[in-house]
Amino acid sequence: MRPNEQVDLVFILHAINAIKDEILERRRGVRQKNLSLGKIKDIELPMPPLPEQRRIVGILGEAFEGIATAKANAEKNSKTPAPSSRATPIRLHPTWQSPCRTNW
């Protein structure tokens, strides 16, 4: 397949990523696994009409933006100390501080 006006290249990128494991399984070799041009040409990608490709790209773009935002928030939250670590220490009555609680 060659880029043309009927193909959204970002759609192709997502389609290839979706079958990445299948593509990697086609590699052959002992020391260095390679993917021959013939095997690459045998890969079939689903190719919906261009408007559908663009719709899918839009949906995936929004999803990936949401994931990036969630990751950023999680990272930010992991750097914030837990509320309990900011709590004011309490002062116990001397009876409770004593190692030998004789006033039971």
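Here is how the numbers come out for the structure above:
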| read-out | value |
| --- | --- |
| Which of R55, R91 has the fewest Cβ neighbours within 10 Å, and the rest in rising order | R91, R55 |
| Nearby lysines by direct alpha-carbon distance to K39 (threshold 22 angstrom, same-chain neighbours under 8 apart not counted) | K20 |
| K79-F64 pseudo-label distance in nm [points 7 Å out on the Cα-to-Cβ vector] | 2.4 |
| Fully extended contour minus Cα-Cα distance, from K71 to I16, at 0.36 nm per residue | 17.4 nm |
| Filtered GluC sites (Glu not before Pro), the stretch 1-69: DSSP coil and at most 12 other beta carbons within 10 Å | E5, E44 |
| Residues D42, D8, sorted so that the one with the fewest Cβ neighbours within 10 Å comes first | D42, D8 |
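Computed from the coordinates by the stated procedures, all read-outs in this text should not be read as laboratory data. None of the values given here were measured: they were computed from a predicted structure. As a convention, Cβ positions derive from the backbone with ideal geometry for all residues, glycine included, and neighbour counts pool all protein chains shown.
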